[in-house]
1. Put one equal scatterer on each alpha carbon of region 79-144, apply the Debye formula with no solvent term, and list log10 I(q)/I(0) at q = 0.15, 0.22, 0.26 1/Å to two decimals.
2. What residues of region 69-99 lie in the reach of a label at Val33, counting those whose backbone N is under 19 Å from a point 7 Å from the Cα along Cα→Cβ?
3. Which ³J(HN,Hα) values in Hz, rounded to whole numbers, follow from the phi angles of region 48-58 under the Karplus curve 6.51 cos²θ - 1.76 cosθ + 1.60, where θ = phi - 60° and Gly and Pro get x?
4. Per residue, what volume in Å³ does the convex hull of the Cα atoms of the chain enclose?
5. For a quick protection proxy, order the peptides 22-29, 51-58, 129-136, 112-119 by their average other-Cβ count within 10 Å, most packed first.
6. Where the centroid of each part is defined by its Cα atoms, how far is region 73-144 from region 1-42 in Å?
7. Output ³J(HN,Hα) for region 133-138: one whole-Hz value per residue in order, computed from phi by the Karplus curve 6.51 cos²θ - 1.76 cosθ + 1.60 with θ = phi - 60°, and x for Gly and Pro.
8. If amide hydrogens are placed 1.01 Å from N in the peptide plane, which non-local residues have theirs closer than 5 Å to the one on Lys97?
Amino acid sequence: MDLESKLALEADQAAVKAFMAENDGLLQREQQVPGRYWLTMRPRSAPAERFHVCLTWHVYPHSPPSVAFADAVGGNVAVPRAWPAISGYAAGSFICKPFTAEGFGRHPEWERGPEAWRSTGNPFLWVAQVLQDDLDLRYGGRAA
């Protein structure tokens, strides 16, 4: 990871940490992998549930992160039950939405138009907000 990305992530993570705390969640930075962060999140409708989201930025803020759900912080991302049942989320695999590297990899047409990645503002916070909105508004339980 380049120095610009590291510095920009450091500058933006404080707002993400505050947002996570406001939503009964947690932000953790993985020390061994530059650009990797873990979000512990919960849906508003199921406060006892906890989901662990792995965000891996390779270039920040100019590209979207890889996003996956795991069975624990630092855990396995291939466990379908670790994923929420939400439209566009392929449990145990990827999220096909225009805020993930995986979504843009499957839809090159998203690089232009309304779905295009926006590197302005605080993209890290925006991704956390999209994930929280999906959990709050589209959550259908845990994936099977």
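1. One equal scatterer on each Cα of region 79-144 leads to -0.51, -0.99, -1.18.
2. 69-84, 90-97, 99
3. 7, 6, 9, 10, 10, 10, 9, 10, 10, 9, 9
4. Details: hull volume 15.0 nm³, N = 144.
Spread over its residues, the Cα hull of the chain gives 104 Å³ apiece.
5. Numbers: 22-29: 15.8, 51-58: 21.0, 129-136: 18.0, 112-119: 11.2.
Ranking the peptides 22-29, 51-58, 129-136, 112-119 by packing returns 51-58, 129-136, 22-29, 112-119.
6. 16 Å
7. Residue by residue, region 133-138 yields 4, 4, 5, 6, 10, 10 Hz.
8. Counting only residues 5 or more places away or on other chains, the set is Gly103.
Every read-out reported here was derived from the displayed coordinates using simple, explicitly stated rules and does not represent laboratory data. What you see is a predicted model; the values in this text were computed from it and never measured. Positions of Cβ are backbone-derived with ideal geometry, glycine not excepted, and every protein chain shown enters the neighbour counts.
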